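Throughout, read-outs are computed from the coordinates displayed, never taken from laboratory work. Every value quoted in this text rests on a predicted model; they were computed, and no experiment measured them. No Cβ is skipped: glycine too gets one built from the backbone with ideal geometry, and neighbour counts run over all protein chains shown.
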Amino acid sequence: MTSARDLADRVHRRWLESNPFAATMYGVPGYDDLVPDESEEGRQAWRAEIGRFLGEADVIAGGQLTPAEAVTLDCARAAAAQEQDMIDLAGAEHTVTAMQYAGPAAFLAVTARTVLVDQAAAEAYLSRLRRSGAWLDQIAGRIDLRVQQLALDVETKTKDNVFVKIPVSVQYHVIPDKVYEAFYKLANPKQQISSYVFNVILGHVPKMILDDAFLQQSDIAVAIKEGLDDVMKTYGYAIDQALVTDIEPDEKVKSAMNEINAAQREQVAASARGEAEKILKVKQAEAEAESKALQGQGIANQRKAIIDGLKVSVESFAAAVEGSIPDRSNPSPR
């Protein structure tokens, strides 16, 4: 009696002979010189042969089978039954879409891959293909049109020999009109973007000292975005943003930089304190000088008032005593 494995092999081989275009698409050698018989007689002959395979399967199923043989037999029966159903449905479906039963035209149509960006449309298309034959039951892949982000940490050395880690975030998306290029021209977009980011940073940062690298973060980000825009458009990707979010030197370098900064600020603070004390002393001296000047002026005014008072008294006395004349020969006091 024929074994389950032998029956399955014969069903599969005859299916490939009846569907040679499927064999070619799957890369199975030995069937490239065949053309399927699309005539009504050819289809009915193939259907009768499938019926005989199913009859053999029923006989084998009545015997003693191992679990592996039972699974093999079930798969062969299911494939044969599906092929028989597809032959019966071919006449009803050939007006909907030219697929498996359109001969070479179907082969050329399916080898030109169809790309659908809408998930519902893709599922509907796949459902239609499933009704046209099991060999079309496949989706090459799915493309996400949302904005995606790639985060990288690039380690390099500056011109003044400081090792730094530079976190970079690249936001990108697939251009809807270039889905085909995005899927078939580039196997790994993240690796391509990463390589270019590393190339740009390693070409810029080693030419800068650490302080300049901090100052030119935005320039580095612009260089990354501009370069990626030109490269990735060819593959159907648009770059939305390229962000250099930080520059992280070693912790010891950070500590040294903070100490230098603190010392510089302390120097500035000391200079400011000295200048303040100087200004305070100058102002105190100016105030004291002005105070003494005002004090001397007060004393002079006081003496002048006394002299003027005495003068008036003498003149009044002379006027009051007849014959007395004030002596003006030596007006200065002795």
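Summary of values
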{"read-out": "Distant-in-sequence amide H partners of M208 (H built 1.01 Å from N, under 5 Å)", "value": "K159"}
{"read-out": "Per-residue Cβ neighbour rank within 10 angstrom, fewest leading, F183, F21", "value": "F183, F21"}
{"read-out": "In Hz, Karplus ³J(HN,Hα) per residue of segment 10-24 (6.51, -1.76, 1.60; θ = phi - 60°; x = Gly, Pro)", "value": "5, 4, 5, 5, 5, 5, 5, 5, 7, 10, x, 5, 5, 4, 5"}
{"read-out": "Spatial separation of Cα centroids for segment 152-220 and segment 1-63, in angstrom", "value": "55 Å"}
{"read-out": "Spacing of the two label points (7 Å from each Cα toward its C-beta) at D88 and Y180, in nm", "value": "3.9 nm"}
{"read-out": "Exceeding the 30 Å Cα-Cα cut-off - candidates K159/K225; K254/K278; K185/K225; K281/K304", "value": "K254/K278; K281/K304"}
{"read-out": "Global geometry of segment 148-249, whether rounded, prolate or oblate, following the gyration tensor of its Cα atoms and the 1.5 cut on a/c", "value": "prolate"}
{"read-out": "FRET efficiency for H204 and A262, using Cβ-Cβ distance with R0 set to 25 Å, rounded to 0.05", "value": "0.25"}
{"read-out": "Whole-Hz ³J(HN,Hα) from phi, Karplus 6.51 cos²θ - 1.76 cosθ + 1.60, for segment 194-211, glycine and proline x", "value": "4, 4, 5, 4, 4, 4, 5, 5, 5, x, 10, 4, x, 8, 10, 7, 4, 4"}
{"read-out": "Amide H partners (placed H, <5 Å) of V154, local residues excluded", "value": "I166, V168"}
